[in-house]
1. Pairs please, first residue from segment 248-265 and touching a residue at least 60 places away in the same chain (Cβ under 8 Å), second anywhere and β-branched (Val, Ile, Thr) and part of a strand (DSSP E or B), Cβ atoms under 8 Å, 6+ apart in sequence or on different chains.
2. Do you know which residues across segment 55-80 are under 19 Å from PRO146 (Cβ atoms) and assigned to a loop (DSSP other than H, G, I, E, B)?
3. Kindly provide the set of residues from segment 110-140 that are among the small types (Gly, Ala, Ser), at pLDDT 80 or above and surrounded by fewer than 17 Cβ atoms within 10 Å (Cβ to Cβ), ordered by number.
4. Going by the structure shown, is VAL55 at pLDDT below 95 and within 15 Å of GLY260 (Cα to Cα)?
5. For the structure I just gave you, tell me whether LEU84 is among the aliphatic types (A, V, I, L, M), surrounded by fewer than 22 Cβ atoms within 10 Å (Cβ to Cβ) and part of a strand (DSSP E or B).
6. What are the residues in segment 52-94 that are of a type in the set (Lys, Arg) and out of contact with any strand residue (DSSP E or B) (no Cβ under 8 Å at 6 or more places or on another chain), if any?
7. How many of the residues making up segment 225-258 are at pLDDT below 80 and either assigned to a strand (DSSP E or B) or under 30 Å from TYR61 (Cβ atoms) (or both)?
8. Just need a number here: residues in segment 62-78 that are touching a helix residue (DSSP H, G or I) at 6+ places or on another chain (Cβ under 6 Å) and hydroxyl-bearing (Ser, Thr, Tyr).
Amino acid sequence: MFAELNSILNSSPEKFSQEEFIIISERRCDASFLIHHFLSFYLRARCKVCFLGLVQSFSHYNAVSQRLGVSLVQAKEKGQLVFLEGLQESLSHLIPQEGQTGNEALNFLRDPTKGLRDLFQFVRSSCSDPSGAPDSGGPSEEWGPPVLLVDDLNLLLSLGVSVGAVLDFSHYCRATVCSRLQGNVVMLLHCDEEEDDDEGAEQLLRGLTHQCSLALHVQGLPTGYCRDIHGQMEVSWRRRQADGQNSINKLFQFKVHDKGASFFAPGTSSAVL
């Protein structure tokens with residue numbers, strides 16, 4: 001959890017906005033540090049978290065979270081965290097073995113015509129139970145509003161899921177988690193303008209940006225690599241007004257540390273002054 005980012009977004013584990021649909025996009029830069037931030041943030045806020053970890057293992061996320069002062073193992077044992085480890089679960093579908101059926105949430109890997117309905121059912125059932133099912137067998141606890149984290153939607157496109165199916169999935173997740181359960185959704189999408197086949201990711205980003213209430217667009221510096229400035233982030237608050245949708249945009253540069261990140265206005269880093 002990054003204190004400077006909390007200040008920018010005007011939020012804290014004790015007081016944060018609900019019914020938010022947050023989109024993180026990365027271009028020529030790694031924005032996974034924001035996923036780690038929101039994961040530790042919402043666990044500290046005692047929210048019930050459903051995490052679709054599609055690009056990294058549970059042990060990876062747990063190692064980073066421990067540096068931020070949060071244990072994902074304990075969160076799972078208490079029933080606060082439901083973690084779908086996409087890398088491991090997908091092997092049961094792609095390389096079936098006797099006695100292993102794989103998680104039904106990833107049935108689209110066997111039958112693309114199913115779309116992401118089973119994955120949405122997994123999200124809905126995970127987020128609708130406020131107490132969860134603690135692995136330790138002890139008494140369950142009541143948690144705060146549910147939160148869905150997804151890292152990274154572009155992987156679904158790489159696996160053959162259509163842009164329309166992913167947009168439908170995000171729409172139903174927003175309607176269920178944000179509107180019905182008054183929780184939050186955070187989704188990350190990787191875009192690479194240098195790839196010829198990245199048109200689907202760009203189309204998906206446009207559709208998600210239209211749906212979201214907050215967009216964090218992370219990209220590399222236009223001037224190239226810099227040791228002391230790792231990239232820039234445009235923060236776009238999208239609020240619906242009576243006369244249409246209104247956006248407020250702010251641009252920050254950042255540097256990621258081992259246990260956090262620093263944010264500053266463009267050109268104000270000590271490295272360039």
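1. Going by the 8 Å Cβ cut-off, the qualifying pairs are LYS250/VAL235; PHE252/VAL235.
2. The answer is VAL70, LYS78, GLY79, GLN80.
3. Of everything in segment 110-140, those that are among the small types (Gly, Ala, Ser), at pLDDT 80 or above and surrounded by fewer than 17 Cβ atoms within 10 Å (Cβ to Cβ) turn out to be SER125, SER128.
4. no
5. yes
6. ARG67, LYS78
7. The qualifying residues number 10.
8. The total comes to 1.
The values are calculated or read from the model by the stated rules, or taken from the named source; none is laboratory data. These figures come from a predicted structure and were not determined experimentally. All Cβ positions, even for glycine, are placed from backbone atoms using ideal geometry, and neighbour counts span all protein chains on display.
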